[in-house]
Amino acid sequence: MEYTIRQLAQMAKITTRTLRYYDEIGLLSPHHYTESGYRIYTEDEVDKLQHILFYRELDVPLETIRQLLLSPGFDSVSVLTSHLRELVSRREHLDLLIKNVTKTIQKEKGEYHMTNKEKFEGFKKEMIQKNEDMYGEEIRSKYGNDSVETNNTKFMNLTEEQYQAMEQLGETILSKLEEAVSNSLSPNSTAGKEIVLLHKEWLSYTWPSYTPEAHRGLAAMYVSDPRFTAYYDRAVSGCTQFLHDAVTAFA
C-alpha cells in the first residue's frame, strides 16, 4: 500500500513538515517521488517511521537514530522488545504515582490514613524505578533481565530495618574507601580485604546468590561507567579504582 506525505503524517499524528525534515537529513526518505515531485511512502517506510517515533519517545537524538537504523546489525525485534519494556516500566511508575497521589489526596481530606508500610513500599518501588532509569540498560545487558528482576524482587521484600541496615552499610563502605585512599593504602591490604567483605555483605541484600565472578564483573562496571565512578569518588578521587582492585584481589 502507498501513502502520500499527508496521509502518512495524519496516520502518524505528526506534521508534513516533520516528514520533509526527516527526508532532508537522511533519516526517512520516501520510497519514490512521482513525476510531479510528490513523496510516496510504502509499508517499509511506515515501519521505519514507527521505530523513529519510538526512539523519539525515549529522547534519542535524531542523528543517533539515523546511525542506529543504518547499522547492519539493526534488529527491529530487539528494538521493539526494548521499547515495550520501557513502556511497561513507565506505566508501572505512573500507576504507582497515581496510586500514591490518590491516597495522599484522600489523606489530606481525612478519608484515608496511609500506613508507614505503604509509604515504605512506595519508596522502594520509586528506588527501583530510579535505578532502572539510570542504570537499567547497562545492568540488563550485563546480567540479563531475569537476574535484574530477581534482584528487584528481593529488594522489594526487604523490611524497613533491613533497608536501613543496607543503607548504613553502604555509607560505612564509602567511609572506609575514602579513609583507605586518603592514607594511600594498597587495595591488597587488610583494609582492602575488609572493604571487599563489607561490599559482599551489602550485595547480599539484593543478590539472591553470590559468585566471585559476578562481584568482579560489577567492580569492572564501576570503573568503566562514569556514573558509578562519580558516586564512589564524590568526596575522594580514586575510591572506585581502589574498590575495583580490592575486589579483583580478594573476591
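Rule-based calculations on the coordinates, nothing more; no lab input. Note that the structure is predicted; figures quoted are calculated from it, not measured. A quick note on method: Cβ atoms are made from the backbone with ideal geometry, for glycine too, and the neighbour counts reach across all protein chains shown.
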> Relative contact order of the chain: what whole-number percent is it, with Cα pairs under 8 angstrom and at least 6 residues apart?
Replying inline: 12
> So what's the angle, to the nearest 10 degrees on a 0 to 90 scale, between helix 190-203 and the longest Cα principal axis of the chain?
Replying inline: 50
> How far apart, in nm, are two points set 7 Å out from the Cα along the Cα-to-Cβ line at SER82 and at GLN106?
Replying inline: 3.9
> Nearest 0.05, what FRET efficiency do LEU58 and SER204 give at R0 = 41 Å with Cβ-Cβ as r?
Replying inline: 0.75
> What is segment 90-189's relative contact order, in percent, from Cα pairs under 8 angstrom and six or more apart in sequence?
Replying inline: 18
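Let me know the charge dipole size of the chain about its Cα centre in debye, to the nearest 20, where only the beta-carbon of Lys, Arg (+1) and Asp, Glu (-1) is charged.
In total the dipole reaches around 460 debye.
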> Which residues in segment 213-227 have a backbone N closer than 15 Å to a point placed 7 Å from the Cα of TYR135 along the Cα-to-Cβ line?
Replying inline: 214-227
>> Report, in listed order, any pair from LYS13/LYS142; LYS103/LYS130; LYS103/LYS154; LYS103/LYS176 with a Cα-Cα distance greater than 31 Å.
In response: LYS13/LYS142; LYS103/LYS176
> Where does helix 43-57 land angle-wise versus the long Cα axis of the chain, in degrees 0 to 90, nearest 10?
Replying inline: 40
> Which of the chymotrypsin sites (Phe, Trp or Tyr not before Pro) found in segment 115-224 are loop residues per DSSP with 13 or fewer other Cβ atoms within 10 Å of their Cβ?
Replying inline: TYR210
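Can you divide the C-alpha Rg of the chain by 2.2 N^0.38 Å and report the result to two decimal places?
1.37
Just to confirm the filter: which trypsin sites (Lys or Arg not before Pro) across segment 4-63 are DSSP coil and have at most 13 other Cβ within 10 angstrom of their Cβ?
When the trypsin sites (Lys or Arg not before Pro) of segment 4-63 are filtered for loop state and at most 13 Cβ neighbours within 10 Å, LYS13 remain.
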> Ranked by Cβ crowding within 10 angstrom, fewest neighbours first, how are VAL148, VAL247 ordered?
Replying inline: VAL148, VAL247
>> Below 14 angstrom from the Cβ of LEU169, what's the summed charge of the other residues (Lys, Arg +1; Asp, Glu -1)?
In response: -3
> So what's the back-of-envelope 222 nm ellipticity for the chain, counting only DSSP H runs of four-plus at -39500 (n - 2.57) apiece and dividing by all residues, rounded to 500?
Replying inline: -24000 deg cm²/dmol
> Stokes-Einstein at 20 °C, 1.002 mPa s, Kirkwood radius from Cα pairs: D for segment 95-173 in µm² s⁻¹?
Replying inline: 149
>> I'd like the orientation of helix 145-156 relative to the chain: the angle between its Cα long axis and the longest Cα principal axis, in ° from 0 to 90, rounded to 10.
In response: 50
> Rule-of-thumb check for segment 3-70: C-alpha Rg over 2.2 N^0.38 Å?
Replying inline: 1.05
> So for the chain, taking the charge dipole from beta-carbon charges (+1 Lys/Arg, -1 Asp/Glu), which of ALA219, THR240, GLY122 sits furthest toward the positive end?
Replying inline: GLY122
> What GluC sites (Glu not before Pro) does segment 98-163 have in DSSP loop regions with at most 15 other beta carbons within 10 Å?
Replying inline: GLU111
> If you project the alpha carbons of segment 159-250 onto their three principal axes, what span does each projection cover, largest first, in Å?
Replying inline: 37, 27, 26
> Given a Förster radius of 51 Å and the C-beta distance between SER184 and GLU126 as r, what FRET efficiency does 1/(1 + (r/R0)^6) yield to the nearest 0.05?
Replying inline: 0.85
